[in-house]
């Protein structure tokens, strides 16, 4: 059985990019991946977009983009869009470089891990959309 909790940061990072872009394409590519190369390319693309969204949040002084918020034990990802008053909230955290490395290694051995994490990410998107 796949323990996807250890890949929560990956799922949260995928969900954040999906909510910010309004597109499920990266999650879909991972969910339907047939090879490790497909997963690696999708994670690379997600990381590039996420980096841009984090930078945008800082440069806009919190008006748009992606940021992490921690209060005590509670960790959240804030996704702000300039045409939306209320931000999307994802309960969790962005993946560290070590978590990305581990995910790539494990999904290279078992593509089912990548698919399971994509499903987990999509559920986070759906939960965030309900407000």
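The values are calculated or read from the model by the stated rules, or taken from the named source; none is laboratory data. In this text the structure is predicted, and so the values were computed from the model without any measurement. Note that we place each Cβ from the backbone using ideal geometry, even for glycine, and neighbour counts take in every protein chain shown.
If you filter segment 40-53 down to residues that are without any contact (Cβ under 8 Å) to a residue 40 or more places away in the chain, under 23 Å from residue 110 (Cβ atoms) and under 13 Å from the mean Cα position of the chain (by Cα), you find that the one that is surrounded by the most Cβ atoms within 10 Å (Cβ to Cβ) is 46. Say whether the condition of being surrounded by fewer than 18 Cβ atoms within 10 Å (Cβ to Cβ) and more than 14 Å from the chain's Cα centre (by Cα) is met by at least one residue in segment 114-127. No, segment 114-127 contains no residue that is surrounded by fewer than 18 Cβ atoms within 10 Å (Cβ to Cβ) and more than 14 Å from the chain's Cα centre (by Cα).
At least 3 residues that are free of Cβ contacts under 8 Å to residues at least 60 places away in the same chain in each: list the strands (runs of 3 or more DSSP E) lying fully within segment 54-121 that qualify.
Per the criteria, 65-71, 74-80.
A single member of 104, 49, 26 is out of contact with any strand residue (DSSP E or B) (no Cβ under 6 Å at 6 or more places or on another chain) and under 11 Å from residue 10 (Cβ atoms), and it is 104.
Could you tell me which residue of segment 1-17 is modelled with the lowest pLDDT, considering only residues that are more than 12 Å from the chain's Cα centre (by Cα) and surrounded by 14 or more Cβ atoms within 10 Å (Cβ to Cβ)? Going through the qualifying residues, I end up with 2. Taking the listed residues 64, 76, the one that is over 16 Å from the mean Cα position of the chain (by Cα) and surrounded by 14 or more Cβ atoms within 10 Å (Cβ to Cβ) is 64, with no other qualifying. The set of residues in segment 18-34 being surrounded by 14 or more Cβ atoms within 10 Å (Cβ to Cβ), under 19 Å from residue 78 (Cβ atoms) and without any contact (Cβ under 8 Å) to a residue 40 or more places away in the chain consists of 21 alone. The one condition from (1) surrounded by 15 or more Cβ atoms within 10 Å (Cβ to Cβ); (2) modelled with pLDDT of 95 or more that residue 37 does not meet is (1). Would you confirm whether any residue within segment 53-62 is touching a strand residue (DSSP E or B) at 6+ places or on another chain (Cβ under 9 Å) and modelled with pLDDT under 95? The answer is yes; a qualifying residue exists.
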